[in-house]
Amino acid sequence: MSTDPHHVFSPEVTAQLKRIELTTASLVESLFSGEYHSIFKGRGLEFSDVREYQPGDDVRSIDWNVTARRGRLFVKEFVEERQLNALVMVDLSASKSFGTGVKQNAIVASEIAAILALAATANNDRVGLLLVTDQVEHFIPPDTGRRHAMRLVLELLAYQPEGRRTALSTGLRYADKVLRQRTTVFLISDFLTGDTTDPELTRSARKLAWYHDLVPIRLTDPAASELPRVGMLAVDDPETGERRVVNTSRRKVREAWNAHAEQARERMSELFRDLQLDVIDIDARKEYLLPLIGFFRRRARVQR
């Protein structure tokens, strides 16, 4: 893992940051401020005080040390943690350079991550950043404050990864190791690489989701799973650099290509269902705010 960001903040990055701020300011202040906390599953509790036992109190909350000292029953009182933890984990592998919309998938992923970081900061919660490829590229521990959030966003927008391939299991294991408090982990990826067949991905996702709240954000672009009928076509794998020449005039070739992509997507969908994860599906060619808003509102209704 690199310890220093490999970049300087160019005028283009600074301009992109300003655009994100303007685009999301009203959204963060209105919707996220009102419903942000309600999306966190299993919000933590912290000890507040003790009081005398009253009929109907849960006997599991009895503080036996205080009870022994005072000679009568006392129970512990807890309050909901005032600050929550969020970690935005972004897959920066080379496949994210694809995109048939106005923006590349990598740019869409960066903007979504920036929105989540700003939303956490607006609610005075701790937020961190984890950038991954087939290795852990860069990690910034969760913290609070607008200056911290701006640092996260700038790092994300300008970072140039060393790796090209995908190994999400590496990032998930790292997050599980460094996160000491229960955290909502937003994992942004297209989930369409060879990593989907890695059994370690299932193990690491299951382990992280056991204690933390794992929320996959899946970027999709239908063009990635469809071959146009244009005759002989050279297709490059952005992660391995391998080139294949395929005859797109043949229907069986096009169908096999589509079937392979659909199988990879279904494998991930099965994993999400098995772990009971709330996945956010976003078409990278379209506006991404509506799916995010929909997720926040669904979570808010369920948690009430």
### Query
Out of residues 5 or more away from residue 129 or on other chains, whose amide H comes under 5 Å of its own, with H placed 1.01 Å from N in the peptide plane?
88, 140
### Summary
Per-residue Cβ contact counts at 10 Å, fewest first, order 93, 269 as 269, 93
### Query
Would you list 268, 89, 150, 232 from fewest to most Cβ contacts within 10 Å?
232, 150, 268, 89
### Long-range HN-HN contacts of residue 217 with modeled amide H, under 5 Å
187, 188, 189, 280
### Query
residue 51's amide H: which non-local residues (gap 5+, or another chain) put their own amide H closer than 5 Å, with H modeled 1.01 Å from N in plane and none for Pro or chain starts?
75, 77
### Task
Just order 255-266, 271-282, 104-115 by mean Cβ neighbour count inside 10 Å, highest at the front, would you?
104-115, 271-282, 255-266
### Query
What ranking of 185, 253 emerges when the number of other C-beta atoms within 10 Å of each C-beta is taken as an exposure proxy, fewest first?
253, 185
### Query
Once phi is turned into ³J(HN,Hα) by the Karplus curve 6.51 cos²θ - 1.76 cosθ + 1.60 with θ = phi - 60°, what whole-Hz value does each residue of the stretch 287-294 show in order, with x for glycine and proline?
5, 8, 5, 4, x, 5, 4, x
### Task
Would you please give the FRET efficiency between residue 59 and residue 181, computed as 1/(1 + (r/R0)^6) with r the Cβ-Cβ distance and R0 = 35 Å, to the nearest 0.05?
0.80
### Query
residue 266 to residue 203: extension gain in nm, 0.36 nm per residue of separation minus the Cα-Cα distance?
20.9 nm
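Bear in mind that the values in this text are calculations on the coordinates, not laboratory data. A quick note: this is a predicted structure, and the numbers were derived from the prediction, not measured. Virtual Cβ from ideal backbone geometry, glycine too; neighbours counted across all protein chains shown.
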